[in-house]
Amino acid sequence: MLKLLKYNIAAAAAGLLAFDFIYPQIGKRSNNNSEDKNVDVQRRANFQPLKDLECKFREIFFDFYKIEGTRWKGLFFGYSNDNYWIDGAGYQLSENIFTNLIKTTHELHNMCLEATDRVLKDDLLLKEVFDIPKDMFPIIRKSWENRQLDLLSRYDFILGKNGQLYFLEVNGDTPSCIIEAGQAQKLWAEQFQLLQFNNIDFEIKQGLQKIMEQNGKSKLFMLYNSSQEDKCTFNYLHSLIKPISTNISIDIKNISQIDDVIENELKSDNFKSSIILKQYPFEWLASESTYNFFTNPQFYDNKSQIMIEPPWKIIMSNKAMSVLLYNMFPQNPHLAKASLGPIRYGGSGIPQVSKQKYGREGDSIILSNYYKGDFESFQTDSYQKFSSKPIFQEFIDSDHHQQRYITLSCWVIQGKPCGIVIREDLNPIIGQGSSVVPYYIEKKQSENEQQIQIDLITDTTQSNIRQSLYGKEEFNSNTDLIRLQENITEKKQYVDPLFQNKIIRQNNYSSYLQKKTVMSSTQNNQMHTQLFTDRLLDAQQPNQNKTTHRQSAGSTGKKFSPHS
């Protein structure tokens, strides 16, 4: 009887465990067959897998498409992962949301260029708001004054429940998802004969050729780290560059730290006449032994190395850019509330996220909703867990698409919107554990197949900056069904004349909160240490001393923070 009972318990446990691992698969399939709430804006549709997928992706160096993406959890311990590239689904974008995304991206890029120009004229903003070391000011300013061309930027947006696009951030230094946004999506759209705006390959070739012609260098160093994604990305970029680089030699180097190549080659004449294409954040240079070299203004003149991306892009990539934009352009409808300090109304905080200024891929982001109304703990963690003062941005809630959150991202290559990529996750903070899903455009129904006309608005101030940086521009498309045209307007975007004062006040308040939090944390740690010491003494001294020691330890009246 006992053996039978043990057998039944074991069988039941095995059955529960098996169901726990099957449960995520059931959830995924049921969600894939469900309809989205907001069908008019966009929906997640099912498609057949691509034919000869592995072979096609190998040709474009997309070897990492099968790495783990979105994770579906079981009821207990089990889980199931989607692939990073979702093969068998696609997001339908309405014509309205597509045109709005392209227009908004162009608008935001213009605003970022104007904001960068303002920041580089203000030492206080550079040092206090953007946390840039003073000895790096000259090289960053010089790259901007020389109008060194940039190449890639990726603008991330979220679609609010009100149908409005909200800007999240821009990755302007080491943007990822270039293969999946470009060639991979293009292969997918061509197989199903779907409309897609995807001019990424063409613009990368044009952009790199323009950089090489502008600087007249004889060598291109491509520096990547050992990750599979970076290796594939650089092989892909090399395949685009090689046909147009007849007068330039290319050297691809795998480095774990930039010192590995810099120490040996930095001062050589060969290296000085080169262009450096890196997938290596510029701010990391501050922790390298060659840091002093990169703070030398002579490094960045027209006779020396040229870096892609140029040093001025560190301004755009800093999360403080969202705070600067919100304060500079307070009337812009695409900017979520953003501040250098916690965002409060009536004494309590609104749903918001805190971000490290130099965080990447969803890393170092804290969501206040996870604290279930305990805003003080959210604020404390935001200052204790980051290496520098964070920024705070309003959390924009969005509709789920079959239980998935999505981020809409638009690629800008040398100032031109040229492609879209959609990432999805089960969590509202989309990071490394997300998946990429291709998209297509659903045109408005009409008797005659009309061209989608997208008017890109640029005011005169921003136009002057663009022309000084990019020169004469043509906005291209990969299809005759989509046409982009820039319109220069005399009507300037409203800029708050007091934005600098507001930001400095926010920064001062944030500095006060940081010091207060650090002091509180130090006191709590000292109290924990005192308690530990008291317990050691308790074990060694007579019982009558125990009460005295414990009263002494708690005499400050302070509570121990669970977050210290």
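A short reminder: the numbers here are calculations on the coordinates, not readings from a lab. Please read all numbers here as calculations on a predicted model, not as lab measurements. Please note: Cβ atoms are built from the backbone with ideal geometry, for glycine as well, and neighbour counts cover all protein chains shown.
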Quickly rank 215-226, 105-116, 412-423 as a protection proxy: mean count of other C-beta atoms within 10 Å, highest first.
412-423, 105-116, 215-226
Order by neighbour count: Lys313, Lys385, fewest other Cβ atoms within 10 Å first, most last.
Lys385, Lys313
Label region 131-235 by shape, choosing from rounded, prolate and oblate, from the square roots a ≥ b ≥ c of the eigenvalues of the Cα gyration tensor; if a/c is under 1.5 it is rounded, and otherwise prolate applies when a/b is larger than b/c, oblate when it is not.
oblate
For a footprinting-style exposure proxy, rank Lys319, Lys205, Lys134, Lys389 by other Cβ within 10 Å, fewest first.
Lys134, Lys205, Lys389, Lys319
So what's the net charge close to Ile366: Lys and Arg +1, Asp and Glu -1, counting the other residues with Cβ under 9 Å from its Cβ?
+1
For the table Lys355/Lys389; Lys161/Lys492; Lys142/Lys253; Lys217/Lys242, the rows whose alpha-carbon distance is greater than 18 Å are Lys161/Lys492; Lys142/Lys253
Given H placed 1.01 Å from N in the peptide plane, which residues other than close sequence neighbours of Ile452 have an amide H under 5 Å from its amide H?
Ile482, Arg483
If we count other beta carbons within 10 Å of each Cβ, what is the order of Trp144, Trp411, Trp284, fewest first?
Trp284, Trp144, Trp411
